[in-house]
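**Student:** Input: one structure, supplied below.
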Amino acid sequence: MQTRKLDSDIIVAFIRAKSFPEGIQAAQEELRRRIHLDGKRKFYGISRPNQTGRIEYMAAAEIIPGDASLAELEQFIIKKGNYRVIGIPEFRKDIPAIEKAFQQLLSIPGIDPQGACVEWYPNLTDVHCMVRLADKEH
């Protein structure tokens, strides 16, 4: 487990999965159909409980200034700050490892109670599971 600092907020556009976890793949596929894959854009998965306690999943892509391809989608802000991170290489060989990583991350003290579980896909084979730590009060 590592700590990674995001120095600025990341604004993403997203497709909300119709169900969790069953609808994750369909949401990711729909998002990829809508955008140009140029290798520069960052992709994310974001999950958090809604008002009823059910988990919502959002397949998300970083908004790049000047690119209107995601303009009609809802937006979410991945907040800057310190994140605890567990990397999973070649995650497609062990999809349940993502859930296990988030269970471990959510059990650590000091996480942001208003935060979300963030999956960052730096490439097509790896994922970094991340949870934001609460800001320290001075």
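**Student:** Looking at the chain, how many pairs of lysines come closer than 17 Å at the Cα, when each pair is eight or more places apart or spans two chains?
**Tutor:** 8
**Student:** Using the 10 angstrom Cβ neighbour count as an exposure proxy, how do Ser8, Ser47 rank, fewest first?
**Tutor:** Result, fewest neighbours first: Ser8, Ser47.
**Student:** Moving to a separate point now. How much length would be gained if the chain were fully extended between Gln103 and Arg48, taking 0.36 nm per residue of separation minus their Cα-Cα distance, in nm to one decimal?
**Tutor:** Separation in residues times 0.36 nm, less the Cα-Cα distance, equals 18.5 nm.
**Student:** Continuing with this model, one more query. Along the Cα-to-C-beta direction of Leu124, a point sits 7 Å from the Cα; which residues of segment 66-99 have their amide N less than 20 Å from that point?
**Tutor:** Only 88-95 fall inside the zone, counting backbone N under 20 Å.
**Student:** Any idea how far apart Lys40 and Glu56 come out in nm if each label point goes 7 Å out from Cα toward Cβ?
**Tutor:** A separation of 3.1 nm, rounded to one decimal place.
**Student:** Multiply the residue separation of Ala134 and Asp94 by 0.36 nm, subtract the distance between their alpha-carbon atoms, and state the gained length in nm to one decimal.
**Tutor:** 11.5 nm
**Student:** When Leu70, Leu106 are ordered from fewest to most other Cβ atoms inside 10 Å of their Cβ, what list results?
**Tutor:** Least crowded to most crowded, the residues run Leu106, Leu70.
**Student:** Just grab the label-to-label distance for Gln114 and Gln25, each label 7 Å out from Cα along the Cβ direction, in nm (one decimal).
**Tutor:** 3.6
**Student:** Hey, another quick one. Under 12 Å from the Cβ of Glu74, count the other residues' Cβ atoms, weight Lys and Arg +1, Asp and Glu -1, and hand me the total.
**Tutor:** Result for the local shell: -1.
**Student:** Something else: Can you show me the helix-derived [θ] at 222 nm for the chain, built from DSSP H runs with n ≥ 4 at -39,500 (n - 2.57) apiece and divided by the number of residues, rounded to the nearest 500.
**Tutor:** After summing the helix terms and dividing by residue count, I get -5000 deg cm²/dmol.
**Student:** Taking the Cα atoms only, what angle lies between the long axis of helix 24-34 and the longest principal axis of the chain, rounded to 10 degrees?
**Tutor:** 40
**Student:** Please rank Asp67, Asp9, fewest neighbouring Cβ atoms within 10 Å first, as an exposure proxy.
**Tutor:** So the ranking, lowest neighbour count to highest, is Asp9, Asp67.
**Student:** Taking only the C-alpha atoms, wrap a convex hull around the chain and report its volume per residue in Å³ as a whole number.
**Tutor:** Enclosed volume per residue, from the Cα hull, is 125 Å³.
**Student:** Give me the one-decimal nm value for the distance between modelled label points at Ile77 and Arg33, 7 Å along each residue's Cα-to-Cβ direction.
**Tutor:** 3.1
Throughout, read-outs are computed from the coordinates displayed, never taken from laboratory work. Because the structure is predicted, anything quoted here is derived from the model rather than measured. In this analysis, Cβ positions are derived from the backbone assuming ideal geometry, glycine residues included, and neighbour counts consider all displayed protein chains.
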